[in-house]
Amino acid sequence: MFKRLTTDYFNWILIIGVILLIFEIAFFFGGSIIPALFSALFVYIGWKNFHKLWGKIVFWIALVSLVFSVLNLFAVRFLIIAAIIIFIINYSKSKSEATQMEPILPDGEKKRESMIKVDPLFDHKVFDDQITEDAAYQWKDVNIHGAFGDRIIDLSNTVLPNDTAVISIRHVIGNIEIYVPYEVEVSIHHSSVFGKAHILGKHHLKLMNKSIHYQTANYDTAYPRVKIITSLFSGDIEVKRI
């Protein structure tokens, strides 16, 4: 659907959406944003207690309230209308094009690249916790984002490459725990709006809208090593040896 959408057009759509969001906050006292935040909080509470009857009731009621609150935002309505218009334009163009042009080499042969699809270690999840397997598993770099839940990665059950392994996590509400073997060098860059950080003996008990960066002494010269990049809106992070 969006394959014909250029980066400039996409950026303009996002800019207009942000302007509408700021306009709603400034002139309508937040509009549906505050109810949406409260609904999201109760969705998280209900999900964490979903095994109980009251948790199920709170979750579904809050989820319905969250959907309606989000749909009432000017910015979201604009994005929905823009998506519909883009779909109609792209659909009409696809019908008018008979063939799709591909790059051709001077000798007439089409240039094709040999690619191998690799399944990620984690998929993106809005809700629920994500934990590495207790048994041995094959390492793959981690690049995920989510909204609610905890993220736990245990590097002692895998073999890291003799290179730089990468863990990138962007999360809204929840905790992050990463267990690193003693022989592995570590670099971590963490940012948080609300939360605490415990990183290899370094403690930050009030991390308010700050970024921190630590690395072990031999990180720049020794392998294997792991580069950790994390960001949280609200939650704690713990990185410790195992």
Task: Positive dipole terminus of the chain, leading residue within Val180, Ile199, Phe68 (C-beta point charges) - done: Phe68
- [ ] Would you mind getting the accessible area per residue of the chain, heavy atoms of the protein chains only, 1.4 Å probe, in Å²?
- [x] 66 Å²
Open item on the list: Taking amide H atoms as placed 1.01 Å from N in the peptide plane, list the residues 5 or more away in sequence, or in a different chain, whose amide H sits under 5 Å from that of Asp150.
Closed with: Asp129, Gln130, Asn175
Open item on the list: Considering only C-alpha atoms, what is the centroid distance from the stretch 18-70 to the stretch 197-242, in Å?
Closed with: 31 Å
Open item on the list: Using amide H atoms built in the peptide plane, which far-off residues or other-chain residues are under 5 Å from Phe194 H to H?
Closed with: Asn209, Ser234, Gly235
Open item on the list: Using only DSSP helix segments of four residues or longer, with each worth -39500 (n - 2.57), what per-residue ellipticity at 222 nm results for the chain after dividing by its residue count and rounding to 500?
Closed with: -11000 deg cm²/dmol
- [ ] Towards the positive end of the charge dipole of the chain, with charges on Cβ (+1 Lys, Arg; -1 Asp, Glu), say which of Ala26, Leu37, Ile16 has the farthest Cα.
- [x] Ala26
Open item on the list: Taking θ = phi - 60°, what integer Hz values does the Karplus form 6.51 cos²θ - 1.76 cosθ + 1.60 yield along the stretch 150-167, in sequence order, with x for Gly and Pro?
Closed with: 9, 10, 10, 10, 10, 7, 6, 9, 9, 10, 6, x, 7, 7, 9, 7, 10, 10
Task: Using θ = phi - 60° and Karplus 6.51 cos²θ - 1.76 cosθ + 1.60, couplings along the stretch 16-24 (whole Hz; Gly, Pro as x) - done: 5, x, 5, 4, 5, 5, 5, 4, 5
Open item on the list: Give me the percent of accessible area attributable to carbon and sulfur for the chain, probe 1.4 angstrom.
Closed with: 64 percent
Open item on the list: Could you give each residue of the stretch 69-77 its phi-based ³J(HN,Hα) in whole Hz, using Karplus coefficients 6.51, -1.76, 1.60 with θ = phi - 60°, and x for Gly or Pro?
Closed with: 5, 5, 5, 7, 6, 4, 4, 5, 4
Open item on the list: Rounded, prolate or oblate for the chain? Axes are the square roots of the Cα gyration tensor eigenvalues, ordered a ≥ b ≥ c, and the cut-off for rounded is a/c under 1.5.
Closed with: oblate
TODO: Using only protein heavy atoms and a 1.4 Å probe, report how much of Thr216 is accessible, in Å² to the nearest 10.
DONE: 30 Å²
Task: About the Cα centre, charge dipole magnitude for the chain (Lys/Arg +1, Asp/Glu -1 at Cβ), debye - done: 680 debye
Task: Prolate/oblate/rounded label for the stretch 160-242 (Cα gyration tensor, a/c 1.5) - done: prolate
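The values are calculated or read from the model by the stated rules, or taken from the named source; none is laboratory data. Being a predicted model, the structure only gives us computed values, none of them experimental. Methodologically, a virtual Cβ is constructed for each residue, glycine included, from the backbone with ideal geometry; neighbour enumeration extends over all protein chains shown. Protein only, heavy atoms only, side chains kept; ligands, DNA and RNA dropped before computing areas. Shrake-Rupley method; radii C 1.70, N 1.55, O 1.52, S 1.80 Å.
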